[in-house]
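Notes to accompany the following structure.
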Amino acid sequence: MKITVEDIGSSVERWVPASTADRDLVITDESGKRIATLHQSKTRSTTTIAAPTVRSFKSTANLDEAKKFPGVMGGATTLELANDPPASVRFLSISIAAETSYVHSSVVATSFKKRILQTATYSRKSCAHGGPGPVFIGQHVELRWVDELGRRSAPGAATISKQKS
């Protein structure tokens, strides 16, 4: 069976089989005992998820300074949404929109308190410590909600603005 693997961010992947046939995928433990069954249906979902609406997305990290820094630049980021996440949503995927777009990170929807997410990234000399680095002032990003079935919303967009330290 051919499967396409899509990177949703932060080690979250969506596996999409090429076939649209109805089938069950049985997941077993090391001893062969069934621990879960996932059902794939050829019926297409009519569910649509509204795009995230960004009220503001700010960072203290400057890309020009980061290019001179030997490692991962530190910074603080604040994302404020205009709406609560839809009930079925599990993640907010944040992609950097560039010549080669890439998924920056995915945030668990329950992390949002009063529609605000704040993160801090600490400077380090290598990127081997895990976790995404900061988003930079002036970067254009796309945000998508991802529900429990891996369905993604239409994209919401934002440009990172300067946050006061």
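Remarks
- In segment 113-159, the residues that are modelled with pLDDT of 85 or more, buried (at least 16 other Cβ atoms within 10 Å of the Cβ) and part of a loop (DSSP other than H, G, I, E, B): 137, 139, 153
- Identification of strands (runs of 3 or more DSSP E) wholly contained in segment 2-112 with 1 or more residues that are modelled with pLDDT of 70 or more and buried (at least 17 other Cβ atoms within 10 Å of the Cβ) yields 54-59, 75-81, 89-96, 102-108.
The values are calculated or read from the model by the stated rules, or taken from the named source; none is laboratory data. Predicted model only: the values in this text are computed from it and were never measured. Every residue, glycine as well, gets a Cβ built from its backbone with ideal geometry; the counts of neighbours run over all protein chains shown.
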